[in-house]
Amino acid sequence: MRPIVAGIALAMTASILSAREMPPLAQKNNCAVCHAIDHRVVGPSWMEVSKKYKDAKAYMYSVNGSASPDAKEFPLVEGLMHKISHGGHGNWGEAPMIANDPNETNQGEIRQLVEYILGLARQPMKPAGSRPSN
């Protein structure tokens with residue numbers, strides 16, 4: 001029992017520290033509880049997601065995982081919006097993605113987050129705390 005509690009506490013601490021790197025919309029939607037831009041917390045880093053789907057045009061979605069027989073093909077952004085909104089598991093290991101907008105009332109923000117995530121692999125990473133060049 002103790003290792004589980006310690007693991008959860010460590011993940012929460014890491015997510016709080018990485019929240020500084022996350023854009024305000026991600027902080028507002030509590031994304032940093034499970035994700036960081038450049039390292040795994042509970043779920044994959046957003047850079048891992050961005051690189052995985054960099055050249056993809058479509059996404060297979062099912063709450064049971066993309067390899068499930070009931071998975072349906074969606075255009076990439078819409079498929080990832082379904083994953084974030086309705087949750088699922090099986091794409092990135094054992095930890096499930098919780099449903100973040102099951103009633104689809106926040107789809108504009110979900111779309112902005114997906115587009116931000118997908119754009120990460122197309123832009124150079126700046127170290128945390130670095131200042132923009134003049």
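Every number here is computed from the coordinates shown, using simple stated rules; none is lab data. Quick caveat: nothing in here was measured; it's all calculated off a predicted structure. Cβ coordinates were reconstructed from backbone atoms using ideal geometry, including for glycine residues, and neighbour counts include every protein chain displayed.
Here are the numbers for this structure:
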| read-out | value |
| --- | --- |
| Count of the range 31-42 residues which are in contact (Cβ under 8 Å) with a residue 12 or more places away in the chain and either basic (Lys, Arg) or in a loop (DSSP other than H, G, I, E, B) (or both) | 7 |
| Filter result (among the β-branched types (Val, Ile, Thr) and without any contact (Cβ under 8 Å) to a residue 40 or more places away in the chain) within the range 57-95 | 63, 84 |
| Members of the range 70-105 found to be in a loop (DSSP other than H, G, I, E, B), at negative phi and in contact with a Ser or Thr (Cβ under 8 Å, 6 or more places away or on another chain), listed by number | 70, 71, 91, 99, 100, 101, 102 |
| Near pairs, Cβ below 8 angstrom, 6+ apart or cross-chain, from the range 43-56 (in contact (Cβ under 8 Å) with a residue 12 or more places away in the chain and more than 18 Å from residue 96 (Cα to Cα)) to any residue that is among the β-branched types (Val, Ile, Thr) and part of a loop (DSSP other than H, G, I, E, B) | 47/37 |
| Residue within the range 57-78 that is within 19 Å of residue 28 (Cβ to Cβ) and touching a strand residue (DSSP E or B) at 6+ places or on another chain (Cβ under 9 Å) present | no |
